[in-house]
Amino acid sequence: MKKYFVFLLLCFVPQILMASTQINGLRVWTGPDDTKAVIDISAQVDYKLFQLSNPPRVVVDIENTKLNKNLNLKENPVINKIRKGKKGKDTLRLVFDLSSEHKAKSFLLKPAKQYGHRLVIQLEKNKIKKKTVKQVLNKKDRDIIIAVDAGHGGEDPGASGASGTREKNITLQIAKRLVTAIDKEPGMKAVLIRTGDYYLALEKRYKKAREKQADLFVSIHADAFTDPKVHGMSVYILSKRGATSEAAKWLEQSENNSDLVGGVVLEDKDNVLAKVLLDLSQNASLEASLKSAEKVLAALKQIEKPHKKYVERANFVVLRSPDVPSMLIETAYISNPEEEKRLKTKDFQQKLANSIKDGIKSYFYQSPPPNTWIANHVKSTKHTVASGDTLGAIAEAYKVSMWDLKKINNKTSNTIMVGEVLLLPKIIP
Ligand SMILES: [Zn+2]
């Protein structure tokens, strides 16, 4: 009896003491500035990270941990290989072989949405100091710059539809179409903020727009709600007092949680002065945000039923640019099976892109910033085509060139239709 008891102790005690954490998966996301390797762990861990060069590699020692399954690394431009080993008895060693020198950072993420505990290894490219080109704004006849942001990305898939459509992919497809539509317009130029499948912190998105000296920031999303019948698009601007409706409050939470899901650690430590300055300049750009958002909502109403008839307000982090008018568009409900299906079609995506572009265009033609091509070349008065009008006759009547008339109306042919509203070029002395 006694012997048996000792035997039991020998068998079970070491295992109880060794209660180990498990690694259950790996995802790697590569963007233009960094690569994030996200490791799924069953609980919080203690770990050490260090770097070695020649060849460049990152070593992570994770205590009391074992691999539950093999880490499946897909082809990646930064991480060539991940090797596993043991250090001492219970410490798991992972070695990341890199293609070139990178600066490694790491942090733990708590469970959020579909994910449990995660350990994130962030590999930053060694930055070559970029020469900043400023003073673009003083250039005569400059283009109006629109920053187009595709919501979510990488580790953060955003909302999902019943048939598995992911918001992050839909938003990028629509955003790319919007960029193309804007770039076809004379006097307008688009900048794509997220260019691939990686996560970009919310704050970085509007900072990038400011760096590019954008005149407007537009963030593209697709909505989700617990009730699959809810449908329609919505246009939001920033509210500093919280959301205007219950649904907006819910949405505000889920959009702002993106940073927790997407795998970033917020660096800012609540700078009071910065906040005060931000508030001051934000008031001025809110007015422009509202006007441009109203134009976009009106244009979208032509193709789709709105969820709300007016521009809504919510406290979205991504809209907090102090001096760039900003809006967020929930293009449709991905949680509504019919809208999910439509969101995937080229036709609907293109219609959305064209309408958003039309709304933006109509806003800037009404209130163009000074020194822009639109301000310098387009008259505020317009001509409505009457029956019997020809493009040539209109050009003659206003003493403008056919070429200018066609260019500002973005026309490739001489066809005009009765009732069509034509913009008129300014005559430059
Ligand atoms: Zn979203």
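Just so it is clear, none of the values below were taken in a lab; they were calculated from the coordinates. Computed from a predicted structure; not experimentally measured. Heads up, the Cβs are rebuilt from the backbone with ideal geometry, glycines too, and the neighbour counts pull from every protein chain shown.
Taking every pair of alpha-carbon atoms in the range 303-412, give the share separated by more than 17 Å as a whole percent.
70
Helix 346-366 versus the longest principal axis of the chain: what is the Cα-based angle in degrees, 0 to 90, to the nearest 10?
Here the helix axis deviates by roughly 60 degrees.
Rounded to a whole number, what is D in µm²/s for the range 189-263 from Stokes-Einstein with the Kirkwood radius over alpha-carbon pairs (20 °C, 1.002 mPa s)?
149
Place a label point 7 angstrom from the Cα of R83 along the Cα-to-Cβ direction, then list the residues of the range 93-130 whose backbone nitrogen is under 19 Å away.
93-102
Using the basic label-point model (7 angstrom from Cα toward the beta carbon), what is the K229 to K139 distance in nanometres?
Those two pseudo-labels are separated by 5.3 nm.
Based only on Cα atoms, what mean projected area does the convex hull of the chain have, in nm²?
If I average the Cα hull's projected area over directions, I get 28.6 nm².
Which entries of K139/K382; K69/K105; K36/K357 have Cα-Cα distances beyond 31 Å here?
In this structure, K36/K357 exceed 31 Å between Cα atoms.
Treat every Asp and Glu Cβ in the range 17-125 as -1 and every Lys and Arg Cβ as +1, leave all other atoms uncharged, and give the resulting dipole magnitude about the Cα centre to the nearest 20 debye.
Around 260 debye, computed over the range 17-125.
Find which of G31, A147, I303 sits farthest along the positive direction of the dipole of the chain, computed with +1 on the beta-carbon of Lys and Arg, -1 on that of Asp and Glu, about the Cα centre.
G31
May I ask you to derive the relative contact order of the chain, considering only C-alpha pairs under 8 Å and at least 6 residues apart, and to give it as an integer percent?
Once divided by the residue count of the chain, the mean separation gives 15 percent.
Which aspartates and glutamates have a Cα less than 14 Å from the Cα of K301, not counting those fewer than 8 places away in the same chain?
E330, D358
Looking at the chain as a GNM with Cα springs under 10 Å, which of N371, N354, N315 has the largest mean-square fluctuation?
Residue with maximal mean-square fluctuation among N371, N354, N315: N371.
Relative to the longest principal axis of the C-alpha atoms of the chain, give the angle of the C-alpha long axis of helix 246-256, reported between 0 and 90° and rounded to the nearest 10°.
60
Let me know the charge dipole size of the chain about its Cα centre in debye, to the nearest 20, where only the beta-carbon of Lys, Arg (+1) and Asp, Glu (-1) is charged.
For the chain, the charge dipole is close to 1160 debye.
What are the ³J(HN,Hα) couplings of the range 224-236, residue after residue, when phi is run through the Karplus curve with 6.51, -1.76, 1.60 and θ = phi - 60°? Round to Hz, x for glycine and proline.
After applying 6.51 cos²θ - 1.76 cosθ + 1.60, I find 8, 8, 5, 8, x, 7, 4, 8, x, 9, 9, 10, 10 Hz.
Take the chain, connect every pair of alpha-carbon atoms lying under 10 Å apart with a spring to form a Gaussian network, then pick out the residue of A314, A299, A395 with the largest mean-square fluctuation.
Of A314, A299, A395, the Gaussian network model singles out A395 as fluctuating most.
Points 7 angstrom from Cα along the Cβ direction at L52 and D347: gap in nanometres?
So the label points at L52 and D347 sit 5.9 nm apart.
Quick check: convex hull of the Cα atoms in the range 137-262, volume per residue, rounded to a whole Å³?
In the range 137-262, the Cα convex hull volume per residue is 124 Å³.
Going down the table (K125/K204; K48/K74; K74/K176; K291/K411), which pairs top 23 Å between alpha carbons?
Pairs exceeding 23 Å: K48/K74; K74/K176; K291/K411.
May I ask you to derive the FRET efficiency for N72 and E287 from their Cβ-Cβ distance with R0 = 56 Å, giving the value to the nearest 0.05?
Calculated transfer efficiency: 0.65.
So how much slack lies between K110 and V385, counting 0.36 nm per residue of separation and subtracting their Cα-Cα distance, in nm?
Full extension of this stretch gives 92.9 nm more.
Calculated from DSSP H runs of 4 or more alone, at -39500 (n - 2.57) each and per residue, what is the 222 nm mean residue ellipticity of the chain, nearest 500?
-10000 deg cm²/dmol
Rounded to the nearest 0.05, what FRET efficiency is calculated for K240 and K309 with R0 set to 22 Å and r the Cβ-Cβ distance?
That pair, K240 with K309, gives E of 0.45.
Considering the convex hull of the alpha carbon atoms of the range 17-125, report its projected area averaged over all viewing directions, in nm², one decimal.
For the range 17-125, averaging the hull's shadow over all directions gives 6.9 nm².
Work through the residues other than K305 whose Cβ is under 14 Å from its Cβ and net out their charges, Lys, Arg +1 and Asp, Glu -1.
Taking every Cβ under 14 Å from that of K305, the sum is +1.
Taking springs between alpha-carbon atoms closer than 10 angstrom, which of E75, E101, E167 fluctuates most in the Gaussian network model of the chain?
E75
So what does log10 I(q)/I(0) come out to for the range 377-425 at q = 0.24, 0.32 Å⁻¹, using the Debye formula with one equal point on every Cα and no solvent?
-0.86, -1.58
Compute the helix-to-body angle for 202-211: its Cα long axis versus the longest principal axis of the chain, expressed 0 to 90° and rounded to tens.
40
Where both partners of a DSSP beta bridge lie in the chain, what percent of those bridges are antiparallel, to the nearest 5?
70
What are the ³J(HN,Hα) couplings of the range 91-96, residue after residue, when phi is run through the Karplus curve with 6.51, -1.76, 1.60 and θ = phi - 60°? Round to Hz, x for glycine and proline.
9, 8, 10, 10, 10, 9
Test of understanding: what is the full-extension gain from D323 to D33, defined as 0.36 nm times their sequence separation minus their Cα-Cα distance?
Gain in length upon complete extension: 101.9 nm.
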